[in-house]
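Read the structure below first, then the notes.
Computed from the coordinates by the stated procedures, all read-outs in this text should not be read as laboratory data. Note that this is a predicted model, so its numbers are computed, not measured. With ideal geometry, Cβ positions are generated from the backbone for all residues, glycine too; neighbour counts draw on all protein chains shown.
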Ligand SMILES: [Cu+2]
């Protein structure tokens, strides 16, 4: 048999075994998930608040996440989501549309202000009577492993949620990205 034909057969066998492995042998937890569902959120940065509103975003594993940030401040902020490779500046009084991404990892992931915006530019760094700064401007994206599950794995609100009364001021929880399964 022509050696190229043999080579071709070997190649086809290799590709077929790879496809077969992904389709039949790979554990469900390791298969890439894409629900095809798009979840859109608008996150507001209120003037001199050093916070995001809302501070907790919930999606299901495999959802496509579309985030819009509105910066009401007269100075720049940023958004960083290390787990999903997001790092963008949000100029003063501007709106930023983050390129959509698929929430492919379950767990709680921080989003944070990635531009040093300091504190005390106005009102001595006080927001609703609580001292805040750039380092308090943190939110959490909860990616739920099971669709419909509304319990975040390990997140906690880091600031008062508007309209829900004053929360006890807490040190922001540092949320490590939790592995799938
Ligand atoms: Cu900042």
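First check a/c for the stretch 1-48, with a ≥ b ≥ c the square roots of the eigenvalues of its C-alpha gyration tensor; if it is under 1.5, answer rounded, and if not, answer prolate when a/b is larger than b/c or oblate otherwise. Prolate, since a/c reaches 1.5 and a/b exceeds b/c.
Neighbour counts of C-beta atoms inside 10 Å place 7, 61, 126 in the sequence 7, 126, 61, starting with the fewest. The length gained by stretching the chain between residue 75 and residue 105 to full extension, at 0.36 nm per residue less their Cα-Cα distance, is 7.6 nm. Put a dot 7 Å past the Cα of residue 23, heading toward its Cβ, do the same for residue 66, and the two dots end up 3.3 nm apart.
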